[in-house]
Amino acid sequence: MAVLPQSIGKEAWLKNTGQPTNTFLIDWASRQIAGMDDGLAAMRQAVEIILQNERFRWQIYSSDFGSELEELVGEEYDYIVSDLPRRIEEAFSTDSRILSVENFTFSEPGTGSLVCSFDVVTVFGTLEQEVVL
């Protein structure tokens, strides 16, 4: 004698659903909440926050969150150009909404700094981003 009817199994009530990505959007100029979004605007903000927060610095974030870019400041140009893409990709590796990081380009604006531009490919679309060291 079966405990469950033959027409109903575990598959009928087990369903895998993704977590919502609704995010409060911050208007950085006024330092106020400007609304909510769960698309490309939310991803742009997430990418910026990941890049702006140094890993292991803030206890509010897990050790997986953030980037490790500050120790590259002052290093040789060739070392930065070879290691920066890896560090950026590693910073985004924990966010499953980010599919890849592509098209790294480097420029020196002449002020003793280095600008790295790249594209972040997400499930919502592609974002253009840059990091200044």
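Points worth noting:
- Residue that is modelled with the lowest pLDDT, among those in segment 45-102 that are open to solvent by 90 Å² or more (accessible area, probe 1.4 Å) and of a type in the set (Val, Ile, Thr): Ile60
- Among the residues of segment 77-133, those identified as of a type in the set (Ser, Thr, Tyr) and over 17 Å from Asn53 (Cβ atoms) are Tyr77, Tyr79, Ser82, Ser96, Ser100, Thr105, Ser107, Thr111, Ser113, Ser117, Thr122, Thr126.
- Pair list, Cβ under 9 Å, 6 or more apart: segment 114-131 residue small (Gly, Ala, Ser), other residue open to solvent by less than 10 Å² (accessible area, probe 1.4 Å): Gly125/Met43
- Selection status of Phe24, in contact with a helix residue (DSSP H, G or I) (Cβ under 8 Å, 6 or more places away or on another chain), of a type in the set (Phe, Trp, Tyr), open to solvent by 40 Å² or more (accessible area, probe 1.4 Å) and not in a helix (DSSP H, G or I): no
- Residue satisfying all of: in segment 30-43; aliphatic (A, V, I, L, M) and open to solvent by 100 Å² or more (accessible area, probe 1.4 Å); nearest to Phe124 (Cα to Cα) among these: Met36
The values are calculated or read from the model by the stated rules, or taken from the named source; none is laboratory data. All values reported here derive from a predicted model rather than from experimental measurement. With ideal geometry, Cβ positions are generated from the backbone for all residues, glycine too; neighbour counts draw on all protein chains shown. Heads up: the accessible areas ignore ligands, DNA and RNA and are worked out on the full protein's heavy atoms, side chains in. Shrake-Rupley method; radii C 1.70, N 1.55, O 1.52, S 1.80 Å.
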